[in-house]
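Undergrad: Mind having a look at this structure? Questions to follow.
Just so it is clear, none of the values below were taken in a lab; they were calculated from the coordinates. Every value quoted in this text rests on a predicted model; they were computed, and no experiment measured them. Every residue, glycine among them, receives a Cβ derived from its backbone with ideal geometry; neighbour counts consider all protein chains shown.
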């Protein structure tokens, strides 16, 4: 017969121990689960961070590919298809677009700026001021007994290679008869040469500087050109010409600098230039050209400094009263704190960040780019209507201010919903940190929405760097800054640089210091250059 197992007897004490044991095991499991949750959370955070870093690296790689192989245009073309029905989810933007278009039509009617359809101009008309060399070509057949009933005239534009010639100045010398004491007096005309001991004329020096700083030719190529014209000049002689000519007009550059500094509205930017330095054999020194553009007088000023530090280039702004417009370089951030100075940021640079963010976040970047397009459409509208600065100021307050407010609200609402280090996050951060300075162009109608005017002024330097590569020394870099300043100002004021520089070299010695202003390209009487 099977023996029955005696049931386990539980006492209060054993049950309490059992419960305590189970609670301890449960607590231990909770701790393990909590630790695993923390580990999973940390891994998720690490994974999210790695994902963001991967996206950032992908973005950098895409930008490098674009720089090497792609187009550098920043023109934004909306992905909307106008032939399809559009479901407008942003009525405020639609209203602004309609208002801008209605205003454009109103201004077109008000100012009667209807553009007529241009007919084809036909064959290019040759300039009437050029000399004409006529050649009569008779038929090879016998024309005896025939009557000439007219002629066919064919014009072509020809070229005569540049030629050098010698300017020989002959000065007769006169002498008086002897007086009672046997004394005689000699008389000879004064020799008016701009640069003593320099056989190069003002026109030749001007040609050298224009070939160098407008056509970006290295000096050795200019020497080759002169040699092809029939004159071999030693390199040392050529270098002395270049140096003497630069020293000759430096006083005028000092005057130019003072007038640009006194402008109430200036744009400032900087660009690198390599310079040979005897203290750095085998390499070059990285110097910087600090560039200013004064839109009101259309004046360009380059200044060379050995570093990118803004301490020396911007020292004069401590007592400046007016408007300064720059890009986003951190060296300009202190300008917003300078009393009497209103700092303007550049909408073109802000737009560039959103253009780069398009592959990363098409929806958000497109939204802001559309609104920025509206801001530029308003600027184009003001230019087409040839508005005064008062009219442009009123138009901006009425049309541009609501758009800027919409951009600001959108950035504020979306800023915390994107990764800070993502391209769209960087674009939002860039604008948020400069929001007041981005709006400051609304304060006066003479101000520009961006600093593209100074960007265009720097382009000759960028082209020159690719051709002559570096400056020979720090003094040469200062001369480069001077000539880029003068020639950039000539271009902005539609002055022939060769005629201007020739006139200046010939007349600067006979001009009083108080009247040197009248020789500057932005102030000179153009009739003197004809």
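Undergrad: If you line up the long axis of helix 452-468 against the longest principal axis of the chain, both from Cα atoms, how many degrees apart are they, to the nearest 10?
TA: 70 degrees
Undergrad: Which order do the peptides 221-227, 333-339, 366-372 come out in when sorted by mean C-beta neighbours inside 10 angstrom, highest first?
TA: Working: 221-227: 15.7, 333-339: 13.6, 366-372: 19.3.
With the highest mean Cβ count within 10 Å placed first, the list reads 366-372, 221-227, 333-339.
Undergrad: Between residue 380 and residue 446, what is the spin-label point distance in nm, taking each point 7 Å from the Cα along the Cα→C-beta axis?
TA: 2.8 nm
Undergrad: Once the Cβ-Cβ distance between residue 329 and residue 498 is put in as r, and R0 is 35 Å, what FRET efficiency do you end up with, to the nearest 0.05? Before the final figure, lay out the partial values.
TA: Working: r = 35 Å, r/R0 = 1.00.
After rounding to 0.05, the efficiency reads 0.50.
Undergrad: What's the exposure ranking of 503, 159, going from fewest to most Cβ atoms within 10 Å? Could the numbers behind the result be given before it?
TA: Details: 503 17, 159 5.
By the 10 Å Cβ count, ascending: 159, 503.
Undergrad: Just report the Cα centroid separation between segment 165-201 and segment 134-153, whole Å.
TA: If we compute the Cα centre of each part, the gap is 56 Å.
Undergrad: If you don't mind, another one. Ranked from highest to lowest mean number of other Cβ atoms within 10 Å per residue, what is the order of the peptides 196-205, 139-148? Mind showing how you got there, number by number?
TA: On the way: 196-205: 16.3, 139-148: 6.7.
For the peptides 196-205, 139-148, the packing ranking is 196-205, 139-148.
Undergrad: Separate question: In percent, how large is the relative contact order of the chain, given Cα pairs closer than 8 Å and 6 or more residues apart?
TA: Details: 497 pairs, mean separation 96.6, N = 530.
Reported as a whole number, the value is 18 percent.
Undergrad: OK, next. In degrees, nearest 10, range 0 to 90: what is the angle between the Cα axis of helix 362-384 and the longest Cα principal axis of the chain?
TA: 30 degrees
Undergrad: Let me ask something additional. Work out how much length residue 227 to residue 530 would gain on full extension: take 0.36 nm times their residue separation and subtract the Cα-Cα distance, in nm to one decimal. Mind dumping the intermediate values first?
TA: On the way: separation 303, 0.36 × 303 = 109.08 nm, distance 2.95 nm.
Going from the current span to full extension adds 106.1 nm.
Undergrad: By count of other Cβ within 10 Å, fewest leading, how are 444, 37 ordered?
TA: Details: 444 17, 37 10.
By the 10 Å Cβ count, ascending: 37, 444.
Undergrad: If we count other beta carbons within 10 Å of each Cβ, what is the order of 352, 190, fewest first? Intermediate results must be reported in sequence, preceding the final value.
TA: Working: 352 16, 190 6.
Taking fewest neighbouring Cβ atoms as first place, the list is 190, 352.
Undergrad: Quick check: the distance between the Cα centres of segment 233-286 and segment 332-410, to the nearest angstrom?
TA: 35 Å
Undergrad: Label segment 348-501 by shape, choosing from rounded, prolate and oblate, from the square roots a ≥ b ≥ c of the eigenvalues of the Cα gyration tensor; if a/c is under 1.5 it is rounded, and otherwise prolate applies when a/b is larger than b/c, oblate when it is not.
TA: oblate
Undergrad: Could you grab the relative contact order for segment 251-397? Cα pairs under 8 Å, six or more apart, rounded to a whole percent. Walk me through the numbers before you get to the answer.
TA: Details: 169 pairs, mean separation 22.5, N = 147.
Value for segment 251-397: 15 percent.
Undergrad: On a full-extension model of 0.36 nm per residue, what is the gain between residue 405 and residue 143, subtracting their alpha-carbon distance, rounded to one decimal in nm? Write out the running numbers ahead of the final one.
TA: On the way: separation 262, 0.36 × 262 = 94.32 nm, distance 8.35 nm.
That works out to 86.0 nm of additional length.
Undergrad: For the pair residue 49 and residue 413, how long in nm is the line joining their label points, each one 7 Å along Cα→Cβ?
TA: With each label point 7 Å from Cα toward Cβ, the separation is 3.2 nm.
Undergrad: In nm, to one decimal, how far is the modelled label at residue 164 from the one at residue 29, with both set 7 Å along Cα→Cβ?
TA: In this crude label model, residue 164 to residue 29 measures out at 10.1 nm.
Undergrad: Can I ask one more? Which shape class applies to the chain: rounded if a/c is under 1.5, otherwise prolate when a/b exceeds b/c and oblate if not, where a ≥ b ≥ c are the square roots of the Cα gyration tensor eigenvalues? Please list the in-between numbers first.
TA: On the way: a/c = 2.61, a/b = 2.05, b/c = 1.27.
Prolate, because a/c is 1.5 or more and a/b exceeds b/c.
Undergrad: Rounded if a/c is under 1.5, else prolate if a/b is larger than b/c, else oblate: which is segment 141-261, with a ≥ b ≥ c the root eigenvalues of its Cα gyration tensor? Each step should come with its number before you reach the end.
TA: On the way: a/c = 2.51, a/b = 1.35, b/c = 1.86.
It comes out oblate by the Cα gyration axes.
Undergrad: Which angle between 0 and 90 degrees, to the nearest 10, do you get for helix 12-69 versus the longest principal axis of the chain when only C-alpha atoms count?
TA: Compared with the principal axis, the helix lies near 20 degrees.
Undergrad: Give me the extension gain from residue 175 to residue 155: residue separation times 0.36 nm, minus the current Cα-Cα distance, reported in nm with one decimal.
TA: Working: separation 20, 0.36 × 20 = 7.20 nm, distance 5.59 nm.
Extending this stretch completely gives an extra 1.6 nm.
Undergrad: Same structure again: Using helices alone, what [θ] at 222 nm do you get for the chain, with -39,500 (n - 2.57) per DSSP H run of 4 or more residues, divided over all residues and rounded to the nearest 500? Walk me through the intermediate numbers first.
TA: Values: 14 runs with 245 residues, N = 530.
Dividing the helical sum by the residues of the chain leaves -15500 deg cm²/dmol.
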